[in-house]
Amino acid sequence: MLSLYGTDFASRLLLGTARYPSPAALAKAVRISRTNIVTVSLRRETAGGGSGGAFFEMIQELGVSVLPNTAGCHSVSEAVLTAKMAREVFRTDWIKLEVIGHHDTLQPDVFALVETARILSGEGFQVFPYTTDDLVVAEKLLEAGCRVLMPWCAPIGSAMGPANQHALRALRAHFPDIPLIVDAGIGRPSHAAVVMELGFDAVLLNTAVAAAADPAAMANAFALAIEAGRQAFRAGMLEPRDMAVPSTPVIGKGVFQ
Amino acid sequence: MKFIVNGEEQDVAATTLHELLSLLDYQGRWLATAVNGELVRSADRVRHRLAEQDRIEILSPMQGG
């Protein structure tokens, strides 16, 4: 089971809710993915609107936990206020903490991230920090009170897949007991399988599913890949070798000359 | 009074945040509000008095990654 801040979940796939072709397509993808957790956000409501309420009521009907994010925040104060407003609306202490530091790469501002994580942890939030694969930043986030880490494996929405497996392995090795969720950069199911084979606990996806030609079918493909990667990790994989090794035993082979 | 509501100046005859939401026809229970960068909880809107040029943010759930 995936254990996050004391709650256990059967699925190791966390699914974003943005960029689907329709609400129906989103609902279908969520159901087929078997996910237990979806990410949501907050935006300015229009007067006389109510679209936000309609969206959230649809999510509630899906029977999944919600992980609100602070997407689009670029400063400590912005992220802290957004987190507080998210807690007010979504009634959860969970917060996917994003403090963006660069417009082009959407790379987190890790200095502001650590500072914000410390403030929010002190106010009772359970912080899921979107971070880089930097080991020292990860240590600082844990010191700040985080009990889950969500490193990228490549920039958000890039679909590049795990760009630096060495860094991901180092995180896994250094933090064997901390849930590690790859949060960004996954493009295809094989990418998800790779990070799960590395021993990561879960994968958070959005664009790779939402922007697929058939989001529901892709959600299922990711669910299968994540499960396959997890089972492979637990089964213990063969390490690569430089030379060939015969799979059929040589001893006892017939001699014909 | 004039306020900055979600980034736009609005002239509204409201003295509390609750009145402002009502007069501007913000409906539903899925709203989060902040005034001048501070969260104002739903239960506190009735007694939260507004001042000229207050900056008011009114947010609601939306899709996110």
Can you tell me the dipole magnitude for region A:13-114 around its Cα centre, using point charges on the Cβ only (Lys, Arg +1; Asp, Glu -1), in Debye to the nearest 20? 320 debye
Most mobile of A:Arg169, A:Arg31, A:Arg241 in a GNM of chain A (Cα contacts under 10 Å): A:Arg241
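Report, to the nearest whole %, how much of the accessible area of region B:2-59 belongs to carbon and sulfur atoms, 1.4 Å probe, protein only.
On the way: 1400 of 3190 Å².
Of all accessible area on region B:2-59, carbon and sulfur atoms account for 44 percent.
Which whole-number percent is the relative contact order of chain A (Cα, under 8 Å, 6+ apart)?
Working: 474 pairs, mean separation 48.4, N = 257.
19 percent.
Placing +1 at every Lys and Arg Cβ and -1 at every Asp and Glu Cβ, with all other atoms neutral, what dipole size does chain B have around its Cα centre, in debye to the nearest 20?
For this selection, approximately 300 debye.
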State to the nearest 20 debye the size of the charge dipole of the protein assembly as shown about its Cα centre, where the only charges are +1 on K and R beta carbons and -1 on D and E beta carbons. 980 debye
Once both axes come from the Cα atoms, what is the angle between helix A:76-90 and the longest principal axis of chain A, in degrees from 0 to 90, rounded to 10? 90 degrees
Using only protein heavy atoms and a 1.4 angstrom probe, determine the accessible area buried between A and B, summed over both sides, in Å² to the nearest 100. 2500 Å²
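What accessible area per residue comes out for the protein assembly as shown, rounded to a whole number of Å², with a 1.4 Å probe?
Ligands and nucleic acids excluded, the figure is 48 Å² per residue.
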May I ask you to find the residues of region B:38-65 that are shielded by at least 40 Å² of accessible area once the whole protein assembly is considered instead of their isolated chain (probe 1.4 Å)? B:Leu39, B:Leu59, B:Ser60, B:Pro61, B:Met62, B:Gln63, B:Gly64, B:Gly65
Positive-end extreme of charge dipole, region A:55-201 - chosen from A:Gly63, A:His174, A:Ala144 (charges on Cβ): A:His174
Add -39500 (n - 2.57) for each DSSP H run of 4 or more in chain A, then divide by its residues: what number comes out at 222 nm, to the nearest 500 deg cm²/dmol? -12500 deg cm²/dmol
Select from B:Tyr26, B:Gln53, B:Leu39 the residue farthest towards the positive end of the dipole of region B:2-59; place +1 on Cβ of Lys and Arg, -1 on Cβ of Asp and Glu, and compute about the Cα centre. B:Leu39
Using Cα centres only, tell me the gap between region B:11-65 and region A:46-113 in whole Å. 18 Å
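The values are calculated or read from the model by the stated rules, or taken from the named source; none is laboratory data. Predicted model only: the values in this text are computed from it and were never measured. Quick reminder, even Gly has a Cβ in these numbers, built from the backbone with ideal geometry, and neighbours come from all protein chains shown. Note: accessible area is taken over every heavy atom of the protein model, side chains too, but ligands, DNA and RNA are not part of it. Shrake-Rupley method; radii C 1.70, N 1.55, O 1.52, S 1.80 Å.
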